[in-house]
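K.L.:
Encoded as structure tokens, here's the structure I'll be asking about.
The values are calculated or read from the model by the stated rules, or taken from the named source; none is laboratory data. Computed from a predicted model, the values in this text were never measured in an experiment. For neighbour counting, all protein chains shown are included, and Cβ atoms are generated from backbone atoms with ideal geometry for every residue, glycine included. All accessible areas refer to the heavy atoms of the entire protein, side chains included, with ligands and DNA or RNA removed. Shrake-Rupley method; radii C 1.70, N 1.55, O 1.52, S 1.80 Å.
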Amino acid sequence: MPKWDGDKIFSVSAFIISVATLVTLMYQSKIMREHQEKSSFPKLELWHNNGDTRYQLQLSNTGMGPAILEGIQVIYNDSIYDIDPASFAHSYKDTLKTRWPLGTSSLKEGRVIEPGMKVYPINISDDSVRRHPIAELFRTEEATVVIRYSSVYEHLWEIKGTGTAPMLVDEDPIVIKQLLGD
């Protein structure tokens, strides 16, 4: 039977301490990665801004991380249109008999909405005497906007209509994977 002298005990102790340190570092790295992932959560919110002379459909990122737009749809008369609110508004405007002023900002797949950023897909001069028909479509939720977006950690969320909380979608995001080259 081998004899345990001071050198062997010291060597085995150093090895055990090294393995324990390695396990601790791996665990801390996992915790830090999870914390970073959770603290960079993007949160898109869609709201109506109703002023006396202006109607705005406002999309803002109130989260901590960037939101990458994955898909934008407008639901109108039980039909789903794979276009953003600006394109829908321009198409709808063409069907109106009276010419109405219309300001828009497009939302396209792959667009990044940074934290704190606000985008106004619909921006219309409006007054209480002459209600703008496109503002009324969105104000009354006759036309509903659906936006899918992802985080840089490839989580996918969806908001459906104004004032709704983002819902985590159990699908893989496509646009962020293409951007990252996966």
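K.L.:
Can you spot a residue in the range 161-180 that is among the small types (Gly, Ala, Ser), closer than 30 Å to ARG33 by Cβ, open to solvent by less than 60 Å² (accessible area, probe 1.4 Å) and in a loop (DSSP other than H, G, I, E, B)?
P.N.:
Looking through the range 161-180, none of the residues is among the small types (Gly, Ala, Ser), closer than 30 Å to ARG33 by Cβ, open to solvent by less than 60 Å² (accessible area, probe 1.4 Å) and in a loop (DSSP other than H, G, I, E, B).
K.L.:
Going through the range 36-59 one residue at a time, which ones are surrounded by fewer than 17 Cβ atoms within 10 Å (Cβ to Cβ) and under 20 Å from GLU142 (Cα atoms)?
P.N.:
TRP47, HIS48, ASN49, ASN50, GLY51, ARG54, GLN58 - these are the residues of the range 36-59 that are surrounded by fewer than 17 Cβ atoms within 10 Å (Cβ to Cβ) and under 20 Å from GLU142 (Cα atoms).
K.L.:
When GLU136 is evaluated against the numbered criteria (1) open to solvent by 50 Å² or more (accessible area, probe 1.4 Å); (2) at pLDDT 90 or above; (3) not in a loop (DSSP other than H, G, I, E, B), which criterion, by number, is the only one it fails?
P.N.:
The number of the failed condition is (2).
K.L.:
So for the range 1-15 (the condition being more than 30 Å from TYR153 (Cα to Cα), at pLDDT below 85, of a type in the set (Lys, Arg) and open to solvent by 70 Å² or more (accessible area, probe 1.4 Å)), does at least one residue qualify?
P.N.:
The answer is yes, given that some residue of the range 1-15 is more than 30 Å from TYR153 (Cα to Cα), at pLDDT below 85, of a type in the set (Lys, Arg) and open to solvent by 70 Å² or more (accessible area, probe 1.4 Å).
Rundown of residues vs (1) open to solvent by less than 40 Å² (accessible area, probe 1.4 Å); (2) more than 28 Å from LEU156 (Cβ to Cβ); (3) out of contact with any Pro (no Cβ under 9 Å at 6 or more places or on another chain), yes/no style:
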| position | (1), (2), (3) |
| --- | --- |
| VAL19 | no, yes, yes |
| LEU25 | no, yes, yes |
| ASN61 | yes, no, no |
| LEU69 | yes, no, yes |
| ASN77 | no, no, yes |
| ILE83 | no, no, yes |
| LEU96 | no, yes, no |
| LEU107 | yes, no, no |
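K.L.:
Across the range 109-154, what is the total count of residues that are farther than 17 Å from ASP82 by Cα, touching a residue at least 60 places away in the same chain (Cβ under 8 Å) and touching a Pro at 6+ places or on another chain (Cβ under 9 Å)?
P.N.:
Counting residues in the range 109-154 that are farther than 17 Å from ASP82 by Cα, touching a residue at least 60 places away in the same chain (Cβ under 8 Å) and touching a Pro at 6+ places or on another chain (Cβ under 9 Å) gives 8.
K.L.:
OK, next. What number of residues within the range 118-133 are of a type in the set (A, V, I, L, M, F, W, C) and either open to solvent by 60 Å² or more (accessible area, probe 1.4 Å) or touching a His at 6+ places or on another chain (Cβ under 7 Å) (or both)?
P.N.:
Residues that pass the stated criteria total 2.
K.L.:
Let me ask something else about it. Would you please list the contacts, defined by Cβ atoms under 6 Å and residues six or more apart or on different chains, that run from a residue in the range 69-95 that is acidic (Asp, Glu) to a residue that is modelled with pLDDT of 90 or more?
P.N.:
Partner pairs satisfying both residue conditions: GLU70/ARG148; GLU70/TYR149; GLU70/SER150; ASP82/GLN73; ASP84/ILE72; ASP84/LEU107.
K.L.:
Could I ask something else about it? In the range 67-100, how many are closer than 12 Å to ILE134 by Cα, under 17 Å from the mean Cα position of the chain (by Cα) and of a type in the set (Val, Ile, Thr)?
P.N.:
Adding up the residues that qualify gives 0.
K.L.:
Would you check if HIS48 is without any contact (Cβ under 8 Å) to a residue 24 or more places away in the chain and not hydrophobic (A, V, I, L, M, F, W, C)?
P.N.:
Taking the combined requirement at face value, the residue does not satisfy it.
K.L.:
In the list VAL129, VAL152, VAL145, which residue meets the criterion of being farther than 13 Å from GLN58 by Cα, among the hydrophobic types (A, V, I, L, M, F, W, C) and at pLDDT 85 or above?
P.N.:
From the options VAL129, VAL152, VAL145, the qualifying one is VAL152.
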